[in-house]
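Undergrad: Let me give you the structure first, and then I'll get to my questions.
The values are calculated or read from the model by the stated rules, or taken from the named source; none is laboratory data. The shown structure was predicted, so the numbers you read here are calculated from the model rather than taken from an experiment. Quick reminder, even Gly has a Cβ in these numbers, built from the backbone with ideal geometry, and neighbours come from all protein chains shown.
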Amino acid sequence: MNALHYVNSELCCEAIPLAKIAKEVGTPTYIYSQAEIVARAKAYVSATSPNGLVCYAVKANGNPHLIRLLGEAGLGADVTSGGELFLALHAGIPPEKIIFSGVGKTRTEIESALDAGIRALHIESEMEHETISEIASQRQQIARIGVRVNPNINAQTHPYISTGQHAHKFGVPWPTAHKMLRFATSHPWLQPVGLAVHIGSQIVDVAPFVEASRFIADLATELISEGINLQYLDIGGGLGIDYGDSKHADRDHLSIREWITAVTQPITDAGFPIVMEPGRSIIGPTGALLTQVVYTKGQGDKHFTIVDAGMNDLLRPTLYSAYHPILTVKQFSENGERVTNIVGPICETGDFLAKERPLPTMQPGDYLAILQAGAYGFAMGSNYNGRLRPAEVLVNGDNFTVIRKRQDFEHLLDDCL
């Protein structure tokens, strides 16, 4: 997170000391750097051809303030549910810049997308294709569709976030996609506009992306010979970020411009406009989770630092064994380091934020910042164990704004009868 730096031994985001946020807003709290968000969004827009479209993957972080900020920078939205569609529209994203992806769209969600007039519904099964055809015919309304093709490419990422092989639930094989596109071309209420592929998330090698790009470019070229002319090809997203873990220490992480240059070349060479769906690489490095030390203790040969944030606030370490860099909010110089496990208050052994991490010796009341947490942090949170969802704060220079207030106990009764 480039916006984080120490000033007089105090960790700051842009020009705001994190200790100030902690004292005024409390912890746990997610903080985001507006300058970093805008810079990364503009990096995508400036590297994309004028006829291309960058659709932010709302699933990475659905705070409407952040979506609006990205929309103002020129981005559209990739949504995967009716709720994300609502958030994108609420944040002011123009419907013609919204793509609706996902394997389980309900009739209500499909109808909402048609009501909004979005750019396209990306179909991921034959039954979904039939449902959209039926709804469009009943409404006598043109439904713009794309088809997500499963390219059977191994992207070498965590198996839970790999999406481009036939063993995964996403997309359809090319023969099925081909059949659906031919049918849509002759259907009075369907308009085939795109072909999409998405091979996974947190991928740090460019080769699988280029392979996928060539794959759909070749397929789209084949379609032209049949009179099926698509408006765009969607390469998806999935560009990884540097979490600082040793597993990827020997790899050079791609810059946004390098990634775009590599993946767009086969598509632009084939003469098609491109759509892409980045999420983590835009919002992930811009955010951190601020948490306070509650207790410390030794147990056998293990040492534990117990903090007020848990797996309900940041699930990635528990779910993926994910590594996040951690900084102390106060820069210590004399109290030495010790290897400790950063754990939360949840009644699960899997409730940890870091394992066996060398950190300065912490005391109750000290603060830690869990970095690279802007994506899939708050978005994957819950009220498990009756825990309240954290606040979210946007930092802009020497000012900060609470963009989501911390829940109170009354929120635990929301929608209860």
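Undergrad: Of all residues in region 1-43, which are in a strand (DSSP E or B), of a type in the set (Ser, Thr, Tyr) and surrounded by 16 or more Cβ atoms within 10 Å (Cβ to Cβ)?
TA: Selection gives THR29, TYR30, TYR32, SER33.
Undergrad: Here's something else I'd like to know. Hey, among the residues in region 316-347 that are more than 20 Å from GLY298 (Cβ to Cβ) and of a type in the set (Ser, Thr, Tyr), which one's farthest from the chain's Cα centre (by Cα)?
TA: Top of the filtered list is SER333.
Undergrad: I'd like the residue in region 83-135 that is more than 20 Å from the chain's Cα centre (by Cα) and among the β-branched types (Val, Ile, Thr) and, out of all such residues, is nearest to PRO175 (Cα to Cα).
TA: Once the filter is applied, the top-ranked residue is ILE123.
Undergrad: May I ask you to list the residues in region 70-94 that are under 18 Å from GLY284 (Cβ atoms) and touching a strand residue (DSSP E or B) at 6+ places or on another chain (Cβ under 8 Å)?
TA: LEU70, LEU75, ALA77, ASP78, THR80, GLU84
Undergrad: Can you give me the number of residues within region 308-358 that are in contact with a Lys or Arg (Cβ under 7 Å, 6 or more places away or on another chain) and at positive phi?
TA: Total meeting the criteria: 0.
Undergrad: I'm trying to understand the selection: among the residues of region 288-314, which are surrounded by fewer than 24 Cβ atoms within 10 Å (Cβ to Cβ) and either of a type in the set (S, T, N, Q) or touching a residue at least 12 places away in the same chain (Cβ under 8 Å) (or both)?
TA: Within region 288-314, GLN292, VAL293, VAL294, TYR295, THR296, GLN299, LYS302, HIS303, PHE304, ILE306, ASP308 qualify.
Undergrad: Pick from ALA177, ALA212, ALA184: which is crowded, with 17+ Cβ neighbours inside 10 Å, in a helix (DSSP H, G or I), at pLDDT below 90 and among the aliphatic types (A, V, I, L, M)?
TA: Criteria check complete, one pass: ALA212.
Undergrad: Kindly indicate which of ALA196, ALA249 is under 30 Å from ALA39 (Cβ atoms), assigned by TED's automatic domain parsing to the domain that holds THR80 and modelled with pLDDT of 90 or more.
TA: So the residue among ALA196, ALA249 that is under 30 Å from ALA39 (Cβ atoms), assigned by TED's automatic domain parsing to the domain that holds THR80 and modelled with pLDDT of 90 or more is ALA196.
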